[in-house]
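Everything below concerns the one structure shown next.
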Amino acid sequence: MNCAEAEIILHALLDGELDAGHARDVEAHLEDCAGCTAKLIAFRAMRATMAGADLKQMAPAALRSRIEAMLPSPAARASASVLPLRPSRRSFFSGFGAGAVLSGALAASLVLTVFRNDQDQAVATDVVSAHIRSLQANHLIDVETSDQHTVKPWFDGKVDVAPPVIDLTAEGFMLLGGRLDYIDGEPVASVVYRRRKHIINLFVAQHLGTVHPAITARTVQGYNVRHWSEQGLEYWAVSDLDGEELGEFIGKISAALRPTRASS
């Protein structure tokens, strides 16, 4: 492992996101490289400084005064909270039932939303880790070719559904080939592109996070991540390419898939 390769995954080592094999490789490099060791020490010091710093900001007292001034007066709140003196049994139980149903629905939707967000965040972290691993020597591509008709058949039998392979070389996104990777222990196809010196991993699988017809965007460990659903497949694009150009890449991929969808 050279310094360029080690520098890419120093943060992953610091965050405990490397598997045992890659962690040993980095640690072996650090034993012989004073420069990378100094960088790791600096990263750890920066993390400790940020953790110990008092970064919380208290709202000014004037803000509290403005909020209190906007609230109803105590008399108005008291009159609004007065209940009927003799509520009927039917109104009491119907109100209780409606409240219970509404509370249950809100709780269920909140749990479902939190679960989906947590699941997508976990997948996003996994795909970024896979992207980082792919940048190491001899791990980026299993089938190296710019011929989309060679890449797609290569995945047959290796994953449940062979991913669509779109050649965007003429559009400025060079097709490099494909790779079999693993996300959450499941085999996943990765179609690899390059934009200038930036690598784009496009992970494709039937089940890889929750269904998102619209594109969702996030940043994980400094990498831009985009996720969307198309034709029953989940797509995750990861790159250090800036967000605007990554969005351009996704737009071209999605547009190329539409004629196939229309003819099916």
Contact order relative to length of region 153-226, as percent, for alpha carbon pairs under 8 angstrom and 6 or more apart: 21
Accessible surface of T37 in the full protein assembly, 1.4 angstrom probe, to the nearest 10 Å²? 40
Under 5 Å, built H, 5+ apart or other chain: amide partners of E230: Y235
With a 1.4 Å probe and every protein chain left in place, work out the accessible area per residue of region 173-264 in Å², rounded to a whole number. 43
Taking a ≥ b ≥ c as the square roots of the Cα gyration tensor eigenvalues, with a/c under 1.5 meaning rounded and otherwise prolate when a/b beats b/c, else oblate, which class fits region 112-236? prolate
With a 1.4 Å probe and every protein chain kept in, tell me what percent of the accessible surface of region 149-248 is carbon plus sulfur. 51
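Which length gain, in nm to one decimal place, applies between L71 and K158 when the Cα-Cα distance is subtracted from 0.36 nm times their residue separation?
Result: 25.1 nm gained on full extension.
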Contour minus Cα-Cα span, A28 to I215, at 0.36 nm per residue, comes to 63.3 nm
Pop out the ³J(HN,Hα) list for region 152-157 in order, Karplus 6.51 cos²θ - 1.76 cosθ + 1.60 with θ = phi - 60°, rounded to Hz; leave Gly and Pro as x. 4, x, 4, 7, 4, x
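The values are calculated or read from the model by the stated rules, or taken from the named source; none is laboratory data. Keep in mind it's a predicted model, so treat the numbers as computed, not measured. We work out accessible area using only protein heavy atoms, side chains counted, and drop any ligands, DNA or RNA first. Shrake-Rupley method; radii C 1.70, N 1.55, O 1.52, S 1.80 Å.
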